[in-house]
Amino acid sequence: MKVRLKKYCVITILLVVFLGNGFSQNNDISLLRKINLNRNVKFDTFFEIVTQSDAPISLLTPTAIFCVGLIKKDSLTKTKGIVIGGSLVLSSAITFGLKYSIKRERPFITYNDIQNVVSEESPSFPSGHTTMAFSTATSISLMYPKWYVIAPAFIWASSVGYSRMHLGVHYPSDVVVGSMVGIGSAFLSRFLTNKILQKN
């Protein structure tokens with residue numbers, strides 16, 4: 001487990017640095033243009049709802065699970081809520097650190113032709129919405145490894161990631177790294193929680 005975790009961390013860091021330094025910016029903006037400029041505007045409102053669902057779902061999920069465990073006096077369920085909540089805290093901290101150290105401008109600021117349907121002021125890299133969604137989807141899938149949990153969780157997370165490009169507020173690389181940070185945070189949260197519980 002330790003070896004796999006270390007390998008994952010090294011790969012993640014290398015990819016974050018690689019993508020953060022603008023791996024083929026031309027390909028990045030080219031793909032975004034294909035998504036954003038060729039989008040069906042009839043779906044703009046739908047994707048606005050999808051993109052805004054990340055925080056409510058990500059915050060309510062661990063809270064609800066932990067409360068159920070508290071009411072039922074079920075320590076395993078409470079632990080699952082802690083792992084999911086811990087993943088959210090880790091992913092948010094990593095995202096914040098990356099955003100304000102790299103300070104990549106939003107695509108609609110750098111490129112006038114990109115049509116931003118919603119307004120965002122924070123730095124672009126990585127996508128915080130995507131990070132949060134994949135953190136939640138991965139951690140809940142780890143805690144409840146059933147296909148009927150995993151499938152909808154990742155369909156929702158992927159939809160959130162796509163919505164950020166559809167709405168013109170993120171580059172594809174922002175979304176890719178955001179998903180990686182979210183997934184990595186979920187595994188790290190489970191690892192750290194298990195370590196802490198083993199000591200107690």
So, of the residues in region 94-129 that are surrounded by 15 or more Cβ atoms within 10 Å (Cβ to Cβ) and charged (D, E, K, R), which turns out to be nearest to the chain's Cα centre (by Cα)?
Lys99
Meets criteria (farther than 30 Å from Gly85 by Cβ, at pLDDT 80 or above, surrounded by fewer than 16 Cβ atoms within 10 Å (Cβ to Cβ) and aromatic (Phe, Trp, Tyr)) for Phe43:
yes
From the list Pro126, Pro152, exactly one residue is part of a loop (DSSP other than H, G, I, E, B) and either under 30 Å from Thr79 (Cα atoms) or in contact with a Cys (Cβ under 8 Å, 6 or more places away or on another chain) (or both). Which is it?
Pro126
Checking Leu59 against (1) farther than 19 Å from Tyr162 by Cα; (2) in contact with a helix residue (DSSP H, G or I) (Cβ under 8 Å, 6 or more places away or on another chain); (3) at pLDDT below 90; (4) in a helix (DSSP H, G or I), only one condition comes out false. Which one?
(3)
Tell me, yes or no, whether region 65-75 has at least one residue that is farther than 23 Å from Val169 by Cβ, polar (S, T, N, Q) and at pLDDT below 95.
yes
Subset of region 71-97 [touching a helix residue (DSSP H, G or I) at 6+ places or on another chain (Cβ under 6 Å) and either farther than 20 Å from Ile57 by Cβ or not hydrophobic (A, V, I, L, M, F, W, C) (or both)]
Thr77, Lys78, Lys80, Gly81, Gly85, Gly86, Ser87, Ser91, Thr95
Among the residues of region 173-200, the number that are without any contact (Cβ under 8 Å) to a residue 60 or more places away in the chain and surrounded by 14 or more Cβ atoms within 10 Å (Cβ to Cβ) is 3
I need the full set of residues from region 24-56 which are part of a helix (DSSP H, G or I), within 19 Å of Gly182 (Cβ to Cβ) and of a type in the set (Gly, Ala, Ser), in order please.
Ala55
Tally, over region 114-150, of residues that are out of contact with any helix residue (DSSP H, G or I) (no Cβ under 9 Å at 6 or more places or on another chain) and over 21 Å from Lys103 (Cα atoms):
4
Against the conditions (1) free of Cβ contacts under 8 Å to residues at least 24 places away in the same chain; (2) in contact with a helix residue (DSSP H, G or I) (Cβ under 8 Å, 6 or more places away or on another chain), where does Tyr100 fall short? Just the number, please.
(2)
Please verify whether Gly168 is outside any helix (DSSP H, G or I) and either more than 27 Å from Thr79 (Cβ to Cβ) or touching an Asp or Glu at 6+ places or on another chain (Cβ under 6 Å) (or both), treating the condition exactly as stated.
yes
Residue satisfying condition, being surrounded by fewer than 24 Cβ atoms within 10 Å (Cβ to Cβ), polar (S, T, N, Q), part of a helix (DSSP H, G or I) and at pLDDT 95 or above, within set Ser163, Ser135, Ser139, Ser159:
Ser159
Complete set of residues in region 83-93 that are crowded, with 18+ Cβ neighbours inside 10 Å, of a type in the set (Val, Ile, Thr) and out of contact with any Leu (no Cβ under 8 Å at 6 or more places or on another chain):
Ile84
Inspect all residues belonging to region 176-195 and state whether any of them is modelled with pLDDT under 95, more than 19 Å from Ile94 (Cα to Cα) and in a helix (DSSP H, G or I).
yes
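The values are calculated or read from the model by the stated rules, or taken from the named source; none is laboratory data. A quick note: this is a predicted structure, and the numbers were derived from the prediction, not measured. We place every Cβ from the backbone using ideal geometry, glycine too, and count neighbours over all the protein chains shown.
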